[in-house]
Structures are given as structure tokens and as C-alpha cells.
1. Just flag the chymotrypsin sites (Phe, Trp or Tyr not before Pro) in the stretch 1-80 sitting in loop per DSSP whose Cβ has no more than 16 other Cβ atoms within 10 Å.
2. Which whole-number value in Å² is the accessible area per residue of the chain, probe 1.4 Å?
3. For THR36, enumerate residues with amide H under 5 Å from its amide H, sequence gap 5+ or separate chain, H modeled in the peptide plane.
4. Report, to the nearest whole %, how much of the accessible area of the chain belongs to carbon and sulfur atoms, 1.4 Å probe, protein only.
5. Mind pulling the angle between the C-alpha long axis of helix 74-92 and the longest principal axis of the chain? Nearest 10 degrees, somewhere in 0 to 90.
6. In Å, what is the Rg of the alpha-carbon atoms in the chain, and how long is Dmax?
7. Could you state the angle between the C-alpha long axis of helix 49-59 and the longest principal axis of the C-alpha atoms of the chain, as a value from 0 to 90 degrees rounded to the nearest 10?
Amino acid sequence: NNILPGTVVDTTITHPREFDFYLCSHAGLQGTSRPTHYHVLWDENNFSSDDLQMLIYNLCYTSARCTRSISVVPPAYYAHLAAYRARLYLDAS
């Protein structure tokens, strides 16, 4: 059995002074669910940790490519896809 989607770990195994957490935002359909490790570098909106974790979890349901939740927040996923396509474009030149 996998952990439930929305499970957050933000104590014990995280850095004692930095703002980081693990979030498992997706259900494991095949195999084992792997939580994503998030590091907050700069928070100019002064989110509480619970609010930011809930925002990221809810954003994981907004992917245009899937009707279910995905493991990584979609803006980061789309940035990865754009960088991959740019690399293919530059390698072809």
C-alpha cells in the first residue's frame, strides 16, 4: 500500500533551519509513490507552511496533460518540458 495523496512531511527528516518539505501529491497507480522534495528559496508572500503546501498540492491537479494529480507542481513540469524542447532546438542548429 502506498501513502495517501496529500501526505506532507515537514518535520523530523527535513532541514532544521531551511523551509523544505516532502509532498506526495499523486496516487500510485503502478508501483510505489515517490514524494517530491520542495525547497522554498524565497517567500515574498509570507505564506504559512500549511498554506503553501496546500497551494502546491492543489496546483498538482491543474495539469493540462492529465486528468489526475501529478507528482510535481505543473509550472515546474512545464519549465522542464520547455527546457527539453529548447535543447532539442539548439542541438539541431
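The values are calculated or read from the model by the stated rules, or taken from the named source; none is laboratory data. It should be emphasised that the depicted structure is a prediction, and the values quoted were computed from it without experimental measurement. Cβ sites come from the backbone with ideal geometry, for glycine too, and all protein chains shown count toward neighbours. Accessible surface areas use protein heavy atoms only, side chains included; no ligands, DNA or RNA. Shrake-Rupley method; radii C 1.70, N 1.55, O 1.52, S 1.80 Å.
1. Within the stretch 1-80, the qualifying chymotrypsin sites (Phe, Trp or Tyr not before Pro) (loop, at most 16 other Cβ atoms within 10 Å) are PHE19, TRP42, PHE47, TYR61.
2. 76
3. Correct list: LEU23, CYS24, SER25.
4. Values: 3930 of 7090 Å².
Solvent-exposed carbon and sulfur of the chain make up 55 percent of the total.
5. 30
6. 15.3, 48
7. 40
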